[in-house]
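**Student:** Sharing a structure below in structure tokens format, with a few things to ask.
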Amino acid sequence: MLGTGMHPWGKWGRPFAEYGVAAAREALRDAGVAWRDVGFAVGAATIRNGYPGFVAGATYARALGWSGARIASCYAACASGAQAIDIARTRILAGLCDVALVVGADATPKGFFTPVGGDRPDDPDWLRFRLLGATNPAYFGLYARRRMASYGSTPEDFAAVKVKNALAGSLNPLARYRRTVTAEEVLASPMVADPLRLMDICATSDGGAALVLASSAYARRHGVTDAVRLAAVSTVTPVFPSTVLELPEFATDSCAAVPPPERSFRQSLAHAAYEEAGLGPREVSFAEVYDLSTALELDWVEDIGLCPPGEADKLLRAGDTALGGRVPVNPSGGLASFGEAIPAQAIAQVCELTRQLRGWAGARQVAGARVGLAVNQGLFGHGSAVIATR
Amino acid sequence: MTLAIEGWFTVGPDGTHLLGTRCGSCGTVAFPPRGGPCPAPDCPGQSMEQTRLSRRGRVWSYTVARYPPPAPFVAAEPYTPVTLAAVELAREGIVVLGQVKDLAPEELEVGMEVELTCGPLADGPLVWMWGRVS
Ligand SMILES: [Zn+2]
């Protein structure tokens, strides 16, 4: 990872490409790489910004000035950025290019994410709104209630996640929300999807993030000997039968005839990354997890193996997952402080891994960080886990 | 009586039934109904036949939408909060999401038994719903 760049998250109301180009320029500057030297540019697509959003790779290449570089665009819901990284990395590992640029950016409307327009009764993402009014927060509410029933988590535990992440976010100049909050404020915020309140649920944001990736040989030729390395990128899909109700589905798979797999989807995402990196949860110095809700952060902490199922609340209460704790979770401030800018988010997670591993994270620096893990999950069987090391 | 979606459930004298599909080869059930080969990757089954799902199950989880969901949902005016329950059907080994009818959130509990019924969306057509055991 030679360079990182980010446009601050917010609700800026400008075209998404502006955020992406700003992030790309910063990443190139940080890497000391000229755009002309980039052999391959991958854009993580956005589906709410018309044709330029679908062909994001071309949009960024054109904005930076057509240079003849090969391009690709990919969409994989919340994992779009990680898939873009994976495509760039694979091309580098195949020896087909030395330097690649990965960019993701989004401009989002206010309020709930809604399905793309038009009557589409054959699209489950449209139908779940039409038939059930099942918004994204509704699914987060179902998971949170299930967690309370299974493990005895409480709304106070969920609020403590927000308090922790808001504190980290207050130390991050790129975050959208930079104010610390109290548990009382969280617990007094309006109920949205029972048992989750407004401050338990991540907002939707504008933002952009970019990375410059290069082969080890290229880095060495340019005098970089201690670059942060991508040790693993996992983009595995679920294994039938998946017994967790996932967005935007109406039902789980059936486990009546075929027994469920050993690991849930989220667990399998992290597991595959650990296998690829030859590392385990014990080696992880810190993690960026997809806290679409406060309760979901607790699920992730268990799914990536930082503790057994049902014990994430204990880790949280002991301060283990806070800045300065044994294994900080979301030292960037997480989605709680950023809000979600879908195609940029997984790239932003990897930017944070890189900054932390370089020791450039300032007041939110994780001391002695050697191994960072970033995980996310999105609609339609998409998800990712990335491990970076130094 | 208009159904909000054709082929996913039926309403008759013997109550409301969800319609799924069952693989003729391994017995795997799917909801919503699906054509094509069996969803189990190792099953050679190529044909899925229609099947009625169990009418009773246990609440896996539930939530209440305190704000009106956006279009294409049609919210009642004034808005009455929509309760959703994910219900586990033991025989089929699946969890099915649905709106909850005539049960206040305070009456709901993870693990309690509920029964399938149906009710109208705010603009008229019927949809399956989870309700009190008769
Ligand atoms: Zn089968």
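**Student:** Do we have B:Gln50 as within 16 Å of the ligand (Cβ to nearest atom) and at pLDDT below 95 here?
**Tutor:** no
**Student:** Based on this model, can you work out whether B:Glu113 counts as closer than 18 Å to A:Ala138 by Cα and of a type in the set (D, E, K, R)?
**Tutor:** For B:Glu113, the condition - closer than 18 Å to A:Ala138 by Cα and of a type in the set (D, E, K, R) - is not met.
**Student:** Something else now. Mind counting the residues in region B:1-30 that are within 15 Å of the ligand (Cβ to nearest atom) and within 14 Å of B:Val96 (Cβ to Cβ)?
**Tutor:** Looking only at that region, the number is 4.
**Student:** Separate question: Pick out the one residue from B:Cys26, B:Cys38 that is assigned to a loop (DSSP other than H, G, I, E, B) and open to solvent by less than 20 Å² (accessible area, probe 1.4 Å).
**Tutor:** Being assigned to a loop (DSSP other than H, G, I, E, B) and open to solvent by less than 20 Å² (accessible area, probe 1.4 Å) holds for just one of B:Cys26, B:Cys38, which is B:Cys38.
**Student:** Separate question: Which residues, taken from region A:120-172, are more than 8 Å from chain B (Cβ to nearest Cβ), open to solvent by less than 40 Å² (accessible area, probe 1.4 Å) and part of a loop (DSSP other than H, G, I, E, B)?
**Tutor:** Answer for region A:120-172, where residues must be more than 8 Å from chain B (Cβ to nearest Cβ), open to solvent by less than 40 Å² (accessible area, probe 1.4 Å) and part of a loop (DSSP other than H, G, I, E, B): A:Asp123, A:Ser153, A:Ser170, A:Asn172.
**Student:** In addition: Please state which of the following conditions A:Thr204 fails to meet, knowing it meets all the rest: (1) within 30 Å of A:Arg89 (Cα to Cα); (2) over 17 Å from the mean Cα position of the chain (by Cα).
**Tutor:** (2)
**Student:** So, one more: How about region B:67-90: which of its residues are facing another protein chain (nearest Cβ under 7 Å) and under 18 Å from the mean Cα position of the chain (by Cα)?
**Tutor:** Passing the criteria: B:Phe73, B:Val82, B:Leu84, B:Ala86.
**Student:** Give the residue, chosen from B:Gly93, B:Gly45, that is within 16 Å of the ligand (Cβ to nearest atom) and facing chain A (nearest Cβ under 9 Å).
**Tutor:** Exactly one residue qualifies, and that residue is B:Gly93.
**Student:** Assuming A:Ala363 fulfils every condition listed in (1) assigned to a loop (DSSP other than H, G, I, E, B); (2) farther than 28 Å from A:Ala17 by Cβ; (3) open to solvent by 10 Å² or more (accessible area, probe 1.4 Å); (4) not polar (S, T, N, Q) apart from one, which condition is it?
**Tutor:** The failed condition is (1).
**Student:** Scan region A:173-194 residue by residue and report those that are in contact with a Ser or Thr (Cβ under 8 Å, 6 or more places away or on another chain) and surrounded by fewer than 20 Cβ atoms within 10 Å (Cβ to Cβ).
**Tutor:** Residues satisfying the conditions are A:Arg178, A:Arg179, A:Thr180.
**Student:** Of the numbered conditions (1) within 14 Å of another protein chain (Cβ to nearest Cβ); (2) in a loop (DSSP other than H, G, I, E, B), A:Val192 satisfies every one except a single condition; which is it?
**Tutor:** Failing condition for A:Val192: (2).
**Student:** Now for a separate question. Take the residues in region A:105-119 that are part of a loop (DSSP other than H, G, I, E, B) and more than 8 Å from chain B (Cβ to nearest Cβ); name whichever of them is modelled with the lowest pLDDT.
**Tutor:** Among those residues, the one meeting the criterion is A:Phe113.
**Student:** Residues A:Gly280, A:Gly372, A:Gly324, A:Gly334: which one is in contact with a helix residue (DSSP H, G or I) (Cβ under 7 Å, 6 or more places away or on another chain) and without any contact (Cβ under 8 Å) to a residue 60 or more places away in the chain?
**Tutor:** None of the other options fit; the residue is A:Gly280.
**Student:** Also, I was wondering about something else. In the set A:Glu249, A:Glu262, which member is open to solvent by 50 Å² or more (accessible area, probe 1.4 Å), more than 18 Å from the chain's Cα centre (by Cα) and in contact (Cβ under 8 Å) with a residue 40 or more places away in the chain?
**Tutor:** Among A:Glu249, A:Glu262, only A:Glu249 is open to solvent by 50 Å² or more (accessible area, probe 1.4 Å), more than 18 Å from the chain's Cα centre (by Cα) and in contact (Cβ under 8 Å) with a residue 40 or more places away in the chain.
**Student:** May I ask you to list the residues in region A:206-258 that are away from the ligand (no atom under 16 Å from the Cβ), of a type outside the set (Ser, Thr, Tyr) and within 30 Å of B:Met48 (Cβ to Cβ)?
**Tutor:** A:Val236, A:Pro238, A:Val244, A:Leu245, A:Glu246, A:Leu247, A:Pro248, A:Glu249, A:Phe250, A:Ala251
**Student:** Can you go through B:Glu77, B:Glu88 and tell me which one is surrounded by fewer than 16 Cβ atoms within 10 Å (Cβ to Cβ) and either away from the ligand (no atom under 16 Å from the Cβ) or at pLDDT below 95 (or both)?
**Tutor:** Just a single option satisfies the conditions, and that option is B:Glu77.
**Student:** Something else now. What is the residue count in region A:375-390 for residues that are in contact with a helix residue (DSSP H, G or I) (Cβ under 7 Å, 6 or more places away or on another chain) and open to solvent by 50 Å² or more (accessible area, probe 1.4 Å)?
**Tutor:** Looking only at that region, the number is 1.
**Student:** Moving to a separate point now. Counting just the residues of region B:101-111 that are open to solvent by 20 Å² or more (accessible area, probe 1.4 Å) and under 16 Å from the mean Cα position of the chain (by Cα), which one comes out nearest to A:Lys110 (Cα to Cα)?
**Tutor:** Taking the candidates together, the pick is B:Lys101.
**Student:** Let me ask something else. Quick one: which residue in A:Ala107, A:Ala138 is closer than 26 Å to A:Thr46 by Cα, touching a strand residue (DSSP E or B) at 6+ places or on another chain (Cβ under 6 Å), of a type outside the set (Val, Ile, Thr) and not assigned by TED's automatic domain parsing to the domain that holds A:Tyr290?
**Tutor:** Unique residue meeting the criteria: A:Ala107.
**Student:** Which pairs do you get when a residue that is at positive phi, found in region B:107-134, comes within reach of a residue that is open to solvent by 10 Å² or more (accessible area, probe 1.4 Å) and modelled with pLDDT of 95 or more, reach meaning Cβ atoms under 6 angstrom, with the pair 6+ apart or on two chains?
**Tutor:** B:Gly111/B:Arg58
Per-residue answers, yes or no, for (1) within 25 Å of A:Pro155 (Cα to Cα); (2) within 14 Å of chain B (Cβ to nearest Cβ); (3) in a helix (DSSP H, G or I); (4) more than 21 Å from the chain's Cα centre (by Cα):
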residue: A:Val181; (1), (2), (3), (4): yes, no, no, yes
residue: A:Ala210; (1), (2), (3), (4): no, no, no, no
residue: A:Leu213; (1), (2), (3), (4): no, no, no, no
residue: A:Val244; (1), (2), (3), (4): yes, yes, no, no
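**Student:** Can you name every residue in region B:31-42 that is in contact with a Gly (Cβ under 7 Å, 6 or more places away or on another chain) and away from the ligand (no atom under 11 Å from the Cβ)?
**Tutor:** Result: B:Phe31, B:Pro33.
The values are calculated or read from the model by the stated rules, or taken from the named source; none is laboratory data. What you are looking at is a predicted structure, and each value in this text was computed from that prediction instead of being measured. Positions of Cβ are backbone-derived with ideal geometry, glycine not excepted, and every protein chain shown enters the neighbour counts. Please note that ligands, DNA and RNA were not included when accessible areas were found on the heavy atoms of the full protein model with its side chains. Shrake-Rupley method; radii C 1.70, N 1.55, O 1.52, S 1.80 Å.
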